[in-house]
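Every number in this text was worked out from the coordinates using simple rules, so none of it is lab data. These figures come from a predicted structure and were not determined experimentally. Positions of Cβ are generated from backbone atoms using ideal geometry, with glycine treated the same way; all protein chains shown enter the neighbour counts.
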Amino acid sequence: MNTIGHNYNCNIIFKNYIDDGVIGYDDEISRQKRERIRSHYESWYMPFLSLYEQGSKLTNYQVQLMLHELEKNHEIQRIPKTSIYRGQTLVEKPDVLLKLKNLGIKTVIDLVGYGQTYEEDVKKAGLNYYVYNIYENWWNCLDYSNPVYIDKLVDFLSKMQEEHIYIGCQHGANDTDIALILNDYFNPMLEGKIQTKISPADADFPIKLNTIYDTLKKSHKEKLGWDAQFEQKILKKLTQL
């Protein structure tokens, strides 16, 4: 048998070995020697084998190139200091969904509710799918103190806290702005990180945001991780609307 050149006579300290007088290939010290030889052999024929087996990752340079291409061609943007991206709902764009997966996205949030076909495409790309329909939960909502509405909102905010999120509406504009304003006001993990084209002082935002605050229960706030400091920030922001 051909062996790789190696000094097997080097001093090796084998822990917890007691000489029991057994001489043979299957005793403990022989096993440890074989493991050392095998480890050396693997490192010789496949350098950095353990790193290779972990799978490859995109370099920072590759990530920036891919993000630039997505921003340019699909109007996808990353929210600074987070792993959350926003843009158009990527219906019939499975190749873009795969690129999002490569960027580290784990969940796609559909603000429109395109249905089963889109959900299947998202899952085929290896991503989780979640729906928070802005039309039902904002534009067409008649009662912002409705417990069903509030529960859906809190679930959505909790999902956003997981990060590694892509949030999309039909054009990647107004509806994502609304969703992100809700995050900025009621999500302590994302507060102060959101920039939108819509002002929370526009139209009936002040009434809706104050109604939501008044309706949130203690259990909702605990679920989202509110503390006394965050509570004071919200009260100050609401009084300034």
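Things worth noting here:
- Beta bridges per DSSP with both ends in the range 60-239, % antiparallel, nearest 5: 15 percent
- In the range 60-239, a dipole from Cβ-located charges (positive for Lys and Arg, negative for Asp and Glu) runs towards its positive end, and of Y213, T82, N187 it is T82 whose Cα lies farthest in that direction.
- Its convex hull of Cα atoms gives the range 60-239 a direction-averaged projected area, equal to a quarter of the hull surface, of 10.3 nm².
- Efficiency of FRET between K159 and K72 - r from beta-carbon atoms, R0 41 angstrom, step 0.05: 0.90
- Legend: residue pairs K72/K99; K197/K237; K106/K208; K72/K123, Cα-Cα distance threshold 22 Å; pairs beyond threshold, K106/K208; K72/K123.
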